Amino acid sequence: MYPLPIEKWKPVNRALYKMSLPVALLIWLLPMLAVLVTSIRSSDELARGNYWGWPEHFALWANYHEALTTSPMLHYFWNSCLITVPAVIGSIALASMAGFALAIYRFRGNMLLFGTFVAGNFVPVQILMIPVRDLSLQLGLFNTVSALILFHTAFQTGFCALFLRNFIKQLPFELIEAARIEGASEWKVYFRIVLPLIRPALAALGILVFTFVWNDYFWALCLTQGDEAAPITVGVAALKGQWTTAWNLVSAGSILAALPSVAMFFAMQRQFIAGLTFGATKG
């Protein structure tokens, strides 16, 4: 029923597995390495067709400085911060309350509501493009940071509620009953009992939602126009020229756009792993 541990594999299979890991890792990292190396190439090398060779001249400072100064990259970066942080906090706050209600309370339509959260995660976002764009125009939110915050919060709440409901469901219900017997209100049970116990799950979910929202390009393209409310993903696309594209600048902008999510993952790696393995063992 369960996969056989690697230590119990046959020596030949175990050796092949260990040899294939570096190869698979290299293939997976190859596009990222290509972007990283391209970001430090000079424009002359790219014009001569030196795409895969080792750079003859390192233009690290020149490329990154030009990527930051030739376009309002810092403005895009600030917009991404304004969009991502409230969306992460709002979606996790709403989802934790929804997950608490779905996991703890028994009421008519509980499973139907839970099924709605699950089904919403399978709806292709392309289907929602025109209705969401029209709604943002009707509400006067088109091309504003508020529109992206609102819609990211709405779309991420379903996934977060599904995620947190399953975690809260694993908690011992006796703790909640004991708190109620001691006279604790439902809000106090939620804040003092449930939230501290699911802190690893909240950390893991925060990293996931931060990555989803920060790297979003689809809704940023649909709900913004121009530079006023555009996040950094749209800003990287703006580095493309009308007739020619300086791929070294695009690569440098891509590296700058990816740094916050990568840094956040490594900063909270321990909490992320603890959240994914939360409830995996007993005792």
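Every number in this text was worked out from the coordinates using simple rules, so none of it is lab data. Small disclaimer: the values here were computed from a predicted structure and weren't measured. All Cβ positions, even for glycine, are placed from backbone atoms using ideal geometry, and neighbour counts span all protein chains on display.
Structure notes:
- Degrees separating the helix 145-169 axis from the principal Cα axis of the chain, which is the longest one: 50
- Once each of the trypsin sites (Lys or Arg not before Pro) sitting in a DSSP loop with at most 14 other beta-carbon atoms within 10 Å is removed, the chain keeps 109-239 as its longest stretch.
- Taken over segment 128-231, the alpha-carbon convex hull comes to 121 cubic angstrom per residue.
- The spacing between segment 195-224 and segment 102-145, judged by their C-alpha centroids, is 16 Å.
- Placing +1 on the Cβ of every Lys and Arg and -1 on the Cβ of every Asp and Glu, with no other charges, gives the chain a dipole of roughly 1140 debye about its Cα centre.
- At 0.890 mPa s and 25 °C, Stokes diffusion of segment 6-59 via Kirkwood alpha-carbon radius, µm² per second: 180
- Hull shadow area, averaged, segment 65-165 [alpha-carbon convex hull, nm²]: 8.3
- The packing ranking of peptides 200-209, 55-64, highest mean first, is 200-209, 55-64, where packing means the average number of other beta carbon atoms within 10 angstrom of each residue.
- Interatomic Cα distance distribution for the chain, bins of 5 angstrom, percent: 1, 5, 9, 11, 12, 13, 12, 11, 9, 7, 5, 2, 1, 0, 0, 0
- When Rg and the Kirkwood radius Rh are both evaluated on Cα atoms of segment 1-120, their ratio Rg/Rh stands at 1.21.
- Whole-Hz couplings from phi, Karplus 6.51/-1.76/1.60, listed for segment 66-71; x for Gly and Pro: 5, 5, 7, 9, 6, 9
- As a length-normalised measure over Cα pairs under 8 Å and 6 or more apart, the relative contact order of the chain settles at 29 percent.
- Estimated [θ] at 222 nm from DSSP helical runs (n ≥ 4, -39500 (n - 2.57)) normalised by residues in the chain, nearest 500: -21500 deg cm²/dmol
- J(HN,Hα) series, segment 25-31, from Karplus relation 6.51 cos²θ - 1.76 cosθ + 1.60, nearest Hz, glycine and proline x: 5, 5, 4, 5, 8, 4, x
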